[in-house]
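Please read the structure below before turning to the comments.
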Amino acid sequence: MAVEELQSIIMRCQILEEQDFKEEDFGLFQLAGQRCIDEGHIEQLLEIIQNEKNKVIIKNMGWNLVGPVVRCLLWNKDNGKRKYYFLMLDLLVKLCNPKELLLGLLELIEEPSGKQISQIILLLLQPLQTVIQKLHNNKAYSVGLALSTLWSQLSLLPVPYSEEQIQTDDYGLCQCCNALIGFTKPFVEEVINDKENSLEDENEKLKDELLKFCFKSLKCPLLTAQFFEQSKEAGNDPLRCFASEIIGFLSAIGHPFPKMIFNHGRKKRTWDYLEFEEEEEKQLADSMASLAYLVFVQGISIDQLPMVLSPSYLLQFNMGHIEVFLQRTEESVFSKGVDLLENGLLRIEDNGLLHQYLEIKSFLTVPQRKKSLAMLQLYINKLDSQGKYTLFRCLLNTSNHSGVEAFIIQNIKNQIDVSLKRTHNNKWFTGPQLISLLDLVLFLPEGAETDLLQNSDRIMASLNLLRYLVIKDNEKDNQTGLWTELGKIENNFLKPLHTGLNMSKAHYEAEIKNSQENSQEVQKSKDLCSVTVGGEEIPNMPPEMQLKVLHSALFTFDLIESVLARVEELIEIKTKSTPEENIGIK
């Protein structure tokens, strides 16, 4: 019945001129064709499509059958008639109006969600490419529309983060990236081959659309993508291969990465004539940061980089890209900033980074992670003396983290030690400049009321620095300026610390006593108990665990008190003894 109905519609349309086809005819043709597919009359439908007499009708109306055919291919994977569906799709792509087909195919690509996104993209990329190749007018617009639609759908897929996820490729992102390269290559080659073509304007438009696509790809999926170690297996990494191809496309269309990286951030960039949408413009910084990472850390196409560029110059240009990464909270993106910074710093000799390059503001406030501290140490090692001094002041004022401050204070001690061993003292870590820095170290933020437990790392580091200064710098020489400022140090640091220790120990000893007195009742009821320490309640835990916490705090206070006593003992010995007696102090 469906086949007869379709043949009746076709016979009526065969006697009409192409321009006389009515909207009603299109609707009836689509409904009848859909019924033929639903009822399984696929072979008869193929005969109708292949009939030369129906050529004009299929050209104008056949694109309406693409949707039903594609859905059959997606849903009926075990159907024995799949080969007929593929044949019909090929015929429709070959015979139908390419303009209508283009819009129809893109609508189909936009429909699905989840894992079906990759399935339909992989199915329709080749037909889509064929259709665009048949469009000679406004080809650049068609390529841009297709690439934008494909990218929008791919950006909805989760990016695999582990080697196992990349291999399983559950959502098909890696397969799609590989297929997308094959889809794009002919258009890139067209740009290359048509450089001397008379259609220069159209060629430039096509180049611009390809450039936009490369920018988008660098942002997603490549900004968050993880890559294998550079090894023999690197060629098996589909996302790395995708990155390599994208960078290759940039060079092929006249935008090699060195020019792009070093132009980004300048007032006038080589691609400023492009009409980016507002959101695309905002994402450009992410794309450029991703490109810098791929080149400098992953080494993709790094051989294109001019050899004359100095390590400091390269780091200077990468500073902005590093900052983009470090401002992000996702571990996969943040870690790339750390890697890019490490890559730049390792190229520079120790003490060879001039203080003028101290520009990475975000690196001073990023979450303090183990790898970040290791990177911070590398950063410190590369800076010149003034840069180190400036960085220490910044971090002591901004970190608000006792462990990080202790880390910085230890580095200050190391720099003082280097300076004192030189024939000519370093002005940044001796005398007035050092005293200004010590003012940030040898004090308690809230005097005797300072939370000594929370600040214990910083306090211990400060005491150890003071102990070192007392031992290494004699009162007569006073190279560090310590002995001139001793009264201020005692009033701002040592005396408040004594008072704070007495208060803290008394408080914790009282809490231990209360906890012990109440523990018997708690054990009978088998309940958890809470204890208030320093104005904050320790989370509910068994009494024996809380006692361990309280005793641990007391041990910390005893340790601080022990070092404080030793420092005061050394000060007393130094201020009362002769220079000869000082020799025996270690």
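The values are calculated or read from the model by the stated rules, or taken from the named source; none is laboratory data. On a predicted model such as this, the values are computed, not experimentally measured, just so you know. As a convention, Cβ positions derive from the backbone with ideal geometry for all residues, glycine included, and neighbour counts pool all protein chains shown. The area values use the complete protein model at the heavy-atom level, side chains included, leaving out ligands, DNA and RNA. Shrake-Rupley method; radii C 1.70, N 1.55, O 1.52, S 1.80 Å.
Take Q230 and decide whether it is at pLDDT below 95 and open to solvent by 10 Å² or more (accessible area, probe 1.4 Å). In short, yes.
Checking each residue in region 385-403 for being out of contact with any Lys or Arg (no Cβ under 7 Å at 6 or more places or on another chain) and surrounded by fewer than 20 Cβ atoms within 10 Å (Cβ to Cβ) picks out S385, Q386, T390, R393, C394, L396, N397, T398, S399, N400, H401, G403. Looking at this structure, is D350 more than 20 Å from L291 (Cβ to Cβ) and either at pLDDT 85 or above or surrounded by fewer than 18 Cβ atoms within 10 Å (Cβ to Cβ) (or both)? Considered against the rule, which asks whether it is more than 20 Å from L291 (Cβ to Cβ) and either at pLDDT 85 or above or surrounded by fewer than 18 Cβ atoms within 10 Å (Cβ to Cβ) (or both), D350 comes out as yes. When residues in region 178-227 are screened for being open to solvent by 30 Å² or more (accessible area, probe 1.4 Å), of a type in the set (S, T, N, Q) and in a loop (DSSP other than H, G, I, E, B), 3 of them pass.
Being over 18 Å from S436 (Cβ atoms), outside any loop (DSSP other than H, G, I, E, B) and either modelled with pLDDT of 90 or more or open to solvent by 10 Å² or more (accessible area, probe 1.4 Å) (or both): is that true of I459 here? Yes.
Of the candidates N518, N474, N492, the single residue that is at pLDDT 75 or above, open to solvent by 70 Å² or more (accessible area, probe 1.4 Å) and not hydrophobic (A, V, I, L, M, F, W, C) is N492. Any residue that is within 14 Å of L564 (Cα to Cα) and open to solvent by 70 Å² or more (accessible area, probe 1.4 Å) - is there at least one of those in region 500-509? Scanning region 500-509 turns up at least one residue that is within 14 Å of L564 (Cα to Cα) and open to solvent by 70 Å² or more (accessible area, probe 1.4 Å). Condition first: of a type outside the set (A, V, I, L, M, F, W, C), closer than 17 Å to I348 by Cβ and within 15 Å of the chain's Cα centre (by Cα). Now tell me which residues in region 283-319 satisfy that. Answer for region 283-319, where residues must be of a type outside the set (A, V, I, L, M, F, W, C), closer than 17 Å to I348 by Cβ and within 15 Å of the chain's Cα centre (by Cα): just N318. Among the criteria (1) part of a loop (DSSP other than H, G, I, E, B); (2) surrounded by fewer than 16 Cβ atoms within 10 Å (Cβ to Cβ); (3) in contact with a helix residue (DSSP H, G or I) (Cβ under 7 Å, 6 or more places away or on another chain), the one L453 does not fulfil is (2).
Checking each residue in region 129-156 for being modelled with pLDDT under 95 and open to solvent by less than 40 Å² (accessible area, probe 1.4 Å) picks out L135, K139, A140.
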